[in-house]
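**Q** Here you go, one structure.
The values are calculated or read from the model by the stated rules, or taken from the named source; none is laboratory data. The shown structure was predicted, so the numbers you read here are calculated from the model rather than taken from an experiment. Glycine also receives a Cβ, built like all others from the backbone with ideal geometry; neighbour counts cover every protein chain displayed. Side chains included, ligands, DNA and RNA excluded: accessible areas come from the protein's heavy atoms. Shrake-Rupley method; radii C 1.70, N 1.55, O 1.52, S 1.80 Å.
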Amino acid sequence: MNTKDLKISTRLVLGFSALGALLVLIGAIALINVGSIGKEFDLVMEDRYVKINHATIIKSEVNDAARALRNIFLLTDATEVKQQFDELEASRKIISDHLAKLEQSVTDEQGRALLAKVAAARATYLQTREKLFEQFKSGQLDAAKATLLKDNRPAQLTYMATLDDLIKRQEELMHQAGVDVEASISATRFEVIG
């Protein structure tokens, strides 16, 4: 069949039908790609950002614990000293909760290795802190101060450095996820606009 033999109205209907089908196809491609962009954006906001937030909270609590440790040496009122020990315990629980969440959510090999380093540094830090507590509670203040400065503080700095490494890794992953979102947006533009 030759298109010249068709009536003008039939040719117009066929032309508009083809154009409509093309528009539906472009719309379907756009919807599929928008769904993909949504998933990639969710990865950034519900995974990468959350992990950075957990590690940052841990780091903040370690800093709070360091201040509380310092305060137990500065305070003379037994009630205030007890409050500092209570703050140390509260920080320990918060850190444990956030570490557990990271243990569940960090899945990449490099992230798992960094998380293992954080756990090892924390164990060393807590060990020196317990030694300090025992010395303080038994009245060995000079020994406790020496433990604070020579053992606990270096352990805390190592612990903080491992947290920084973990945060840096998660920031790298978040940046890459952002790049992936931008690439998906560009691809969608190209497919829809042409």
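**Q** When the range 98-118 is examined, which residues are found to be of a type in the set (Val, Ile, Thr) and open to solvent by 50 Å² or more (accessible area, probe 1.4 Å)?
**A** Thr107, the sole residue that qualifies.
**Q** Can you tell me which residue is farthest from the chain's Cα centre (by Cα) among those in the range 70-107 that are among the polar types (S, T, N, Q) and over 14 Å from Ala144 (Cβ atoms)?
**A** Filtering the range 70-107 for residues that are among the polar types (S, T, N, Q) and over 14 Å from Ala144 (Cβ atoms), the one farthest from the chain's Cα centre (by Cα) comes out as Thr76.
**Q** Still on this structure: Inside the range 1-33, can you point out the residues that are open to solvent by less than 80 Å² (accessible area, probe 1.4 Å), more than 38 Å from the chain's Cα centre (by Cα) and either within 30 Å of Thr188 (Cβ to Cβ) or of a type outside the set (Val, Ile, Thr) (or both)?
**A** Those that are open to solvent by less than 80 Å² (accessible area, probe 1.4 Å), more than 38 Å from the chain's Cα centre (by Cα) and either within 30 Å of Thr188 (Cβ to Cβ) or of a type outside the set (Val, Ile, Thr) (or both): Asn2, Leu6, Ser9, Gly15, Ser17, Ala18, Gly20, Ala21.
**Q** Given the residues Ala155, Ala161, Ala144, Ala121, which is the only one that is more than 24 Å from Ile57 (Cβ to Cβ) and open to solvent by less than 60 Å² (accessible area, probe 1.4 Å)?
**A** Of Ala155, Ala161, Ala144, Ala121, the one residue that is more than 24 Å from Ile57 (Cβ to Cβ) and open to solvent by less than 60 Å² (accessible area, probe 1.4 Å) is Ala144.
**Q** Output the helices (runs of 4 or more DSSP H) that fall wholly within the range 72-157 and possess 3 or more residues being among the polar types (S, T, N, Q) and within 30 Å of Ala177 (Cβ to Cβ), or say none.
**A** 78-105
**Q** Under 6 Å by Cβ, and 6 or more places apart or on different chains, what pairs join a residue from the range 23-38 that is more than 17 Å from Gly178 (Cβ to Cβ) and modelled with pLDDT under 75 with one that is open to solvent by 100 Å² or more (accessible area, probe 1.4 Å) and of a type in the set (A, V, I, L, M)?
**A** none
**Q** While we're here: Can you name the residue in the range 43-76 that is charged (D, E, K, R) and open to solvent by 70 Å² or more (accessible area, probe 1.4 Å) and is also modelled with the lowest pLDDT among such residues?
**A** Glu46
**Q** Then there's this: Given the structure, is Ile185 surrounded by 19 or more Cβ atoms within 10 Å (Cβ to Cβ), touching a residue at least 40 places away in the same chain (Cβ under 8 Å) and either out of contact with any Cys (no Cβ under 9 Å at 6 or more places or on another chain) or farther than 30 Å from Ile26 by Cα (or both)?
**A** No, not satisfied.
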